[in-house]
Amino acid sequence: MRRQKPSLLQRAVNVAWYATVGMKRSFQAARRSRLTQGWNMRTSAGDANQVIYRDHETLRQRSREQSINSPYIKRFHRLLKQNVIGPRGIQLQSKAMTPGGLADKRAREKIEKAWKRFCKKGNFDVTGRYSFVTFMNLWVETLARDGEVMVRLVRGYPNAWGFALQILECDRLDLNYNDLLPNGNRVRMGVEIDDWERPVAYYLLRDHPGDTQQRPPARERHQRIPASELLHTFEPWRPHQARGFTWAHAAMLELFHLDEYRKAEMLAAEHGAKLTGFFEQDAEWMEPPGEDEQDAEVEESIEAGTAKVLPYGLKFTPYKSDHPATNFAPFIKAGLRGTAAGLGPSYNRLANDLEGVNFSSMRSGDLDERDFYKSVQQFVISELLDFVFEAWLEMAMLNGALRLPFASLERYLEVNWQPRGWDWVDPAKDAKAASESIRNRTKSRSYYIRQGGDDPDEVFDEIAREEEALRERGLAVSTDPPESPNEQDEDEERDAA
C-alpha cells in the first residue's frame, strides 16, 4: 500500500513542533538541573488522596504533640477560639418572614428563645458536657489541629427537642479502608463517594483505635453512617480530596527545629550560669594520688567579697559561656515569622511581640489578621451551623418543642449568623469615618453594628426603650452629638451649594 505524503500544512506543523523540542523551558521553576535536584525528588504526580494517605497519620500525631508541647501552636489554637468563636459564640438571628413579606417578630422571638435554651450545657450534645460555645471551641481547635473533624446529627435523641450533636475525632474514620463497592461507589480512606465524588456514607470504627478498652469484636468491623447524619469537615486543598490534614502542616517542621534550638540554647545558658570554672592539677607540683589516697580537697563555697587560696599544684580556670548567643533573638524572630506565615495570624500576635511596632503597622496587621478570622468564621457557618440549625429546627417542630406550623418550615429556615466583632483600632478616627459614611449614605448604621458583633434589631429596640424611659422621666432625648463649628460651616456651605 502506497504511503500518502503529508500535506503542506502538516509538514509546517511538524517543523514547528520539532523546533520547540530543543528549546529551553520558559518557566524557571520547571527547569531540571543540579540546582533543583532536591526539588525534583520532592514532587509527586499522585492525586490528592494518595498524597494525603501517605503522610496523614504522621502529620496528625505530630500536630497533636506540638499542640501539647509547643507554646506557639497552643497560642495559635487559643487565637482561633478567641477570634473565630469569641466569648458568646456565633449568634443566631432569625429572619423569619410572614407570607406577606413582613418580619414575623413572633416567630423570630420563639425560634431565638428555643435556640438559646438548646445551646445550654446539658442540652446541646449527647454527653451533656458542652454548651454551644464550649462545643464550638472544641470543634474549631480539633479542625485546626487534626485538619478534619466529624459531627454526628443525632435525630430522635431523648431530650425536649429530639436532637443533639456528637463530636467525633477522625481517628474513627478508617484511614485504611479503600475499596470499590458492587454498586459502583468507591471508598477512599473510609469515605464512600459516588460517581460525582459526592460523599454517600462514612465507615466508622466501632471504637477509637487509641482506646485501651476495646469492646468485643462485632460481626461488622465498621459502622456505616449515611452522609445525611454526619458532617465531615476539612479545608479543601485540591479537587477529588476525601480527607483533610492539619492546618499547621507548612509550619510544623520549622517550628520543631526552632523549639529544639531554643531548648538547646536555654540548657547551654543554664549550664554556663551554674558552672563557674575548673580546677586543674599541675603534674610538676603534685604527684598522682596512690590507691588509698584522695585528691586535695578544695573548698567551693563562695560568699560575696571573699578570696580563696588554692592548694599547691592546683590552678583555677574560669569557664566562659557565650550562651545565649547574640544571634539567638534574631534567629527566633525570623523563624517565628515563617511560622506565622504558615499558620495565619500575624507574627506580633502569635509571638506576643510588640517590640518596635508603631501604630500604623499595628493597624495594618490587625486589619489583615481580622480578615483571616472573618474567613474562618464564614467557613464555620457554611460547613457546620447552617446544617445544624436546619436539622434542629425540623426536629424541634416535629417534637412540639417549638410550636410553629410545620408547613411554614421553609420560611423559618431564614437566619443570619452574627459572629463576634472587634473594637475599633483607632476609636476616634474610625468613629468619625463611620459617621461620615452614614451621613453620605455609603454605609448603614446596621453595617457598623454588625461589624461590632451585635444584632441591629436588638440595638434599635434597646435605643427605643431607652429613649422612652428618658421621656417618662422628663429627661431630654438627644440622638445626635452636637456639631463642631467646622462641621456647622461645612453643612452651611453644602446647603448653599
- line: Of the residues in segment 306-354 that are of a type in the set (Gly, Ala, Ser), touching a helix residue (DSSP H, G or I) at 6+ places or on another chain (Cβ under 9 Å) and modelled with pLDDT under 85, the one that is least open to solvent (accessible area, probe 1.4 Å) is ALA325
field: Unmet criterion (only one of (1) more than 23 Å from ASP55 (Cβ to Cβ); (2) without any contact (Cβ under 8 Å) to a residue 60 or more places away in the chain) for LEU230
entry: (2)
- request: Need at least 3 residues that are closer than 30 Å to VAL84 by Cβ per element, so show me which strands (runs of 3 or more DSSP E) inside segment 143-238 make the cut, counting only ones lying wholly within it.
  value: 148-155, 163-168, 199-205, 230-234
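So that you can scan it fast, the table gives a plain yes or no per residue for (1) farther than 19 Å from ARG155 by Cβ; (2) of a type outside the set (A, V, I, L, M, F, W, C); (3) crowded, with 16+ Cβ neighbours inside 10 Å:
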position	(1), (2), (3)
SER361	yes, yes, no
PHE389	no, no, yes
LEU404	no, no, yes
SER408	yes, yes, yes
ARG420	yes, yes, yes
THR442	yes, yes, no
ARG450	yes, yes, yes
query: Taking segment 379-401 as the region of interest, how many residues are closer than 23 Å to LEU80 by Cβ and in contact (Cβ under 8 Å) with a residue 40 or more places away in the chain?
result: 9
message: For segment 383-416, give me each residue that is closer than 26 Å to ASP366 by Cα and at pLDDT 95 or above.
response: GLU383
message: Of everything in segment 30-57, what is in a helix (DSSP H, G or I) and open to solvent by less than 70 Å² (accessible area, probe 1.4 Å)? Give them in sequence order.
response: ALA30, THR36, GLY38, ASN40, ALA48, ASN49, VAL51, ILE52, HIS56
- prompt: Restricting attention to segment 396-420, and to residues there that are part of a helix (DSSP H, G or I) and among the aromatic types (Phe, Trp, Tyr), which single residue is nearest to the chain's Cα centre (by Cα)?
  reply: TYR412
message: Taking the condition of being surrounded by 15 or more Cβ atoms within 10 Å (Cβ to Cβ) and without any contact (Cβ under 8 Å) to a residue 24 or more places away in the chain, how many residues in segment 179-189 meet it?
response: 3
query: Just a yes or no: is a residue in segment 69-86 touching a residue at least 60 places away in the same chain (Cβ under 8 Å) and on the phi > 0 side of the Ramachandran plot?
result: yes
- prompt: Hey, any hits in segment 135-154 for a residue that's farther than 17 Å from HIS232 by Cα, modelled with pLDDT of 95 or more and either surrounded by fewer than 18 Cβ atoms within 10 Å (Cβ to Cβ) or not polar (S, T, N, Q) (or both)?
  reply: no
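The values are calculated or read from the model by the stated rules, or taken from the named source; none is laboratory data. Note that the structure is a prediction, hence the values are computed from the model and not measured. Because the Cβ atoms are built from the backbone with ideal geometry, glycine has one as well, and the counts that use them run over all protein chains shown. When the accessible area is computed, the model is the full protein with side chains, heavy atoms only, and any ligands, DNA or RNA have been set aside. Shrake-Rupley method; radii C 1.70, N 1.55, O 1.52, S 1.80 Å.
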